[in-house]
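Below: one structure, written as structure tokens.
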Amino acid sequence: RLQESRERLSVCSKLCYAVGGAPYQITGCALGFFLQIYLLDVAQVDAFYASIILFAGRVWDAITDPMVGFFISKTSWTRFGRLMPWIIFSTPFAIISYFLIWFVPDISTGQVMWYLVFYCAFQTLVTCFHVPYSALTMFISREQSERDSATAYRMTVEVLGTVLGTAIQGQIVGKVDTPCIESPFFFGLTNSSVAMEELNMTHDTESLTDTRNAYMIAAGVIGGLYILCALILLLGVREKRESSKLRSDEPVSFFQGLKLVMNHGPYIKLIAGFLFTSLAFMLLEGNFALFCTYTLGFRNEFQNILLAIMLSATLTIPFWQWFLTRFGKKTAVYVGISSAIPFLIAVVVLDSNLFVTYVVAVAAGISVAAAFLLPWSMLPDVIDDFKLQHPSSHGHEAIFFSFYVFFTKFTAGVSLGISTLSLDFAGYQTRGCSQPGQVNLTLKMLVSAVPVGLILLSLLLFKLYPIDEEKRKKNKKALQDLRDESNSSSESDNTELASIV
């Protein structure tokens with residue numbers, strides 16, 4: 001019986017499971033950093049319509065999470081399992097839709113609808129992959145320690161996936177010099193419109209084929225990695241039906257549980273703080289490529305600067321894990337997130353300098369690592385606090401995590417939509433070698449002033465967050481006492497039953 005209760009997962013099984021988390025991070029990072037500049041400068045979509053595509057796609061991505069979760073809960077068991085069929089059937093269609101996002105159709109009308117349809121289709125299909133994959137944690141073993149170990153493998157591979165997505169997309173696209181159009185103001189005031197018209201005709205004949213091909217090659221490489229990771233997951237991990245048996249808790253109403261969760265003060269304060277933090281870093285992520293290209297003038301270096309951000313984030317995650325265990329999670333929030341503020345200010349105040357830009361990129365990566373790690377580290381503390389306040393209510397863990405993801409994705413859609421719309425109002429010039437002063441000022445606001453303001457606001461909200469290190473330890477001890485009391489009560493009942501028999 002002891003041997004059966006301890007289901008040890010091999011290192012190979014844990015690695016195969018962890019690899020399944022890479023496709024979501026690789027594609028998400030490539031889209032997050034490059035889709036905006038691709039739509040504006042390569043596909044030449046008007047900035048207003050590009051903002052609609054980015055906003056609608058991210059909001060739809062947020063909506064599909066609870067929808068897919070609901071349909072998965074209604075899925076019957078098959079010989080492949082209950083979750084694996086979703087992963088199997090969504091993968092090929094996800095690859096096709098992802099490739100078509102980076103394809104420029106030869107149509108005069110309907111281009112906006114093309115990108116909107118395939119962007120939303122890909123977000124739906126990757127959700128059909130990632131939601132069952134996330135739930136697969138509960139179906140690979142009955143042992144909590146084995147699940148935790150597999151999750152640690154997964155987080156490591158997912159962070160590496162963000163670096164891989166940035167490196168593949170950036171290095172392939174960055175090798176190609178995208179032709180640009182000089183500003184008409186350089187041709188004089190009297191004949192600027194004529195010069196601009198002649199220049200547009202010249203550059204329209206000068207094809208963007210190489211740049212477009214580079215984006216499609218990058219999409220093909222990432223699509224191949226998506227398929228490879230899915231195959232490793234399917235061949236190396238077995239979904240175990242017996243692991244899915246629920247405890248003897250009474251079933252809970254979804255809406256009743258949602259009401260309880262949303263009325264829990266620490267959860268609202270935590271999620272509000274990280275929403276503003278996420279919005280700050282999403283604005284930085286979505287606009288940094290344009291900022292490096294136009295405002296700083298590093299057109300041929302932006303992909304390396306983005307890679308520096310993600311490498312810095314990857315390498316500093318172990319440091320933040322040590323820091324939060326040594327000094328507490330609230331202290332880690334204050335230090336980690338605020339550390340980017342002086343560097344974000346310096347990058348717009350100082351003259352354009354490549355060395356300073358790389359320093360800022362590394363510093364931003366350090367803060368990105370803290371923002372990536374801390375929410376997932378602090379959410380379990382909120383759930384423990386909720387359990388102590390509602391000891392008779394069970395099974396709400398999924399609500400805490402799913403709605404945090406929902407709000408984060410919704411915020412990402414808002415940030416991308418607003419930033420691209422702001423560039424349109426500022427007079428963004430598609431394929432311009434340079435941009436008007438208003439556009440450069442807007443980019444400075446989007447990557448410096450606005451993120452700094454949002455970070456400061458989030459720090460004020462974290463000040464109201466009630467679960468400090470002392471409270472966390474008290475909650476941990478109280479929960480352990482409740483478990484011990486429950487176990488002793490269960491053993492007493494078993495002894496009584498044995499004596500009766």
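The values are calculated or read from the model by the stated rules, or taken from the named source; none is laboratory data. Fair warning: this is a prediction, and the values are worked out from it, not measured in the lab. Virtual Cβ from ideal backbone geometry, glycine too; neighbours counted across all protein chains shown. Side chains are part of the model used for accessible areas, which takes the heavy atoms of the whole protein and leaves out ligands, DNA and RNA. Shrake-Rupley method; radii C 1.70, N 1.55, O 1.52, S 1.80 Å.
Among the residues of the stretch 64-79, is there at least one that is under 30 Å from Q44 (Cβ atoms), of a type outside the set (K, R) and either modelled with pLDDT of 90 or more or part of a helix (DSSP H, G or I) (or both)? Looking through the stretch 64-79, at least one residue is under 30 Å from Q44 (Cβ atoms), of a type outside the set (K, R) and either modelled with pLDDT of 90 or more or part of a helix (DSSP H, G or I) (or both).
If you check every pair at least six apart or on different chains, which have Cβ atoms under 6 Å apart with a residue in the stretch 262-276 that is over 14 Å from V405 (Cα atoms) first and a residue that is surrounded by fewer than 17 Cβ atoms within 10 Å (Cβ to Cβ) second? Between residues of the stretch 262-276 that are over 14 Å from V405 (Cα atoms) and residues that are surrounded by fewer than 17 Cβ atoms within 10 Å (Cβ to Cβ), the close pairs are P266/P466; K269/L464. When T331 is tested against (1) open to solvent by less than 40 Å² (accessible area, probe 1.4 Å); (2) of a type in the set (S, T, Y); (3) under 27 Å from D381 (Cβ atoms), exactly one condition is not met: (1).
Before we move on, is S392 open to solvent by 50 Å² or more (accessible area, probe 1.4 Å) and modelled with pLDDT under 80?
On the way: open to solvent by 50 Å² or more (accessible area, probe 1.4 Å): yes; modelled with pLDDT under 80: yes.
Yes.
In the set (1) of a type in the set (V, I, T); (2) surrounded by fewer than 18 Cβ atoms within 10 Å (Cβ to Cβ); (3) closer than 28 Å to L39 by Cα, V356 fails one condition alone, (3).
Mind listing whichever residues of the stretch 135-151 are modelled with pLDDT of 70 or more and under 12 Å from R8 (Cβ atoms)? Step through it out loud before you land on a result.
Narrowing the stretch 135-151 to residues modelled with pLDDT of 70 or more: 135-137, 139-141, 146, 149-151.
Within the stretch 135-151, I140, S141, E146, S149, A150 qualify.
For the stretch 40-63, which residues satisfy the criterion of being of a type in the set (A, V, I, L, M), in a helix (DSSP H, G or I) and more than 15 Å from A218 (Cβ to Cβ)?
The answer is L40, A47, A50, I52, I53, L54, A56, V59, A62, I63.
Total residues in the stretch 467-486 satisfying the condition of being modelled with pLDDT under 80 and open to solvent by 90 Å² or more (accessible area, probe 1.4 Å): the figure is 3.
If we scan the stretch 87-95, do we find a residue that is assigned to a loop (DSSP other than H, G, I, E, B) and either open to solvent by 30 Å² or more (accessible area, probe 1.4 Å) or over 20 Å from G417 (Cα atoms) (or both)? Outline the logic, then answer.
Taking the stretch 87-95 and keeping what is assigned to a loop (DSSP other than H, G, I, E, B), we get none.
Checking the stretch 87-95: not a single residue is assigned to a loop (DSSP other than H, G, I, E, B) and either open to solvent by 30 Å² or more (accessible area, probe 1.4 Å) or over 20 Å from G417 (Cα atoms) (or both).
How many of the residues making up the stretch 96-106 are surrounded by fewer than 18 Cβ atoms within 10 Å (Cβ to Cβ) and either in contact with a Cys (Cβ under 8 Å, 6 or more places away or on another chain) or assigned to a helix (DSSP H, G or I) (or both)? It would help to see each step written out before you state the result.
As a first pass, look at the stretch 96-106 and keep what is surrounded by fewer than 18 Cβ atoms within 10 Å (Cβ to Cβ): 96, 99, 103, 105-106.
From what's left, either in contact with a Cys (Cβ under 8 Å, 6 or more places away or on another chain) or assigned to a helix (DSSP H, G or I) (or both): 96, 99.
Count: 2.
Please tell me if L464 is touching a helix residue (DSSP H, G or I) at 6+ places or on another chain (Cβ under 8 Å) and at pLDDT 80 or above. Yes; evaluated as a whole, the condition is true for this residue. Only one residue in I345, I337 is outside the structural domain of V163 (by the TED database), at pLDDT 80 or above, surrounded by 19 or more Cβ atoms within 10 Å (Cβ to Cβ) and aliphatic (A, V, I, L, M). Which one? On inspection, the qualifying residue turns out to be I337. On inspection, M113 qualifies as out of contact with any Pro (no Cβ under 7 Å at 6 or more places or on another chain), within 19 Å of G417 (Cβ to Cβ) and either open to solvent by 30 Å² or more (accessible area, probe 1.4 Å) or in a helix (DSSP H, G or I) (or both).
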